[in-house]
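First up is the structure itself, then whatever we jot down about it.
The values are calculated or read from the model by the stated rules, or taken from the named source; none is laboratory data. From a predicted model like this one, the values you see are computed outputs, not experimental measurements. Ideal geometry is used to build each Cβ from the backbone, glycine not excepted, and the neighbour counts take in all protein chains shown.
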Amino acid sequence: MAATLSADVLQDDIAVSLARAIASANKRARELGVDVLQSIISITQHSLNGDLLWRVNYGPKDYVGRRGGDLIIEVDPSDASIKQVLWGQ
């Protein structure tokens, strides 16, 4: 379902930054073979050497009996570039 965003939503710097970060992280996750639609996705802010990053975590929805395997992608909010990719164990 498509929705048109109002101008005040598009003026929200955090919302726009987060949308760009998740789009960039989703693209990389798909390239790495992660089924994004079948993942539990959580997003946190993270500081690396004083720089603020978005940390996007992809975990399996069906996690019972599974260990590790989460994918973590850190994204620079200023340009939506991928700074680091980590695989859980």
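The number of residues in the range 26-55 that are touching a helix residue (DSSP H, G or I) at 6+ places or on another chain (Cβ under 6 Å) and either closer than 13 Å to D70 by Cβ or of a type in the set (A, V, I, L, M, F, W, C) (or both) comes to 3. Taken over the range 71-89, the criterion of being modelled with pLDDT of 90 or more, under 17 Å from I41 (Cβ atoms) and assigned to a loop (DSSP other than H, G, I, E, B) is satisfied by P77, A80. Taken over the range 28-39, the residue count meeting the criterion of being in a helix (DSSP H, G or I) and surrounded by 14 or more Cβ atoms within 10 Å (Cβ to Cβ) is 3. Of the residues making up the range 40-53, those that are surrounded by 14 or more Cβ atoms within 10 Å (Cβ to Cβ) and either in contact (Cβ under 8 Å) with a residue 60 or more places away in the chain or closer than 15 Å to P77 by Cβ (or both) are I43, H46, L53. Residues S17, S24: which one is in contact with a Pro (Cβ under 9 Å, 6 or more places away or on another chain), hydroxyl-bearing (S, T, Y), modelled with pLDDT of 85 or more and assigned to a helix (DSSP H, G or I)? Exactly one of S17, S24 is in contact with a Pro (Cβ under 9 Å, 6 or more places away or on another chain), hydroxyl-bearing (S, T, Y), modelled with pLDDT of 85 or more and assigned to a helix (DSSP H, G or I), namely S17. The set of residues from the range 1-27 being small (G, A, S), surrounded by 10 or more Cβ atoms within 10 Å (Cβ to Cβ) and without any contact (Cβ under 8 Å) to a residue 24 or more places away in the chain comprises A15, A19.
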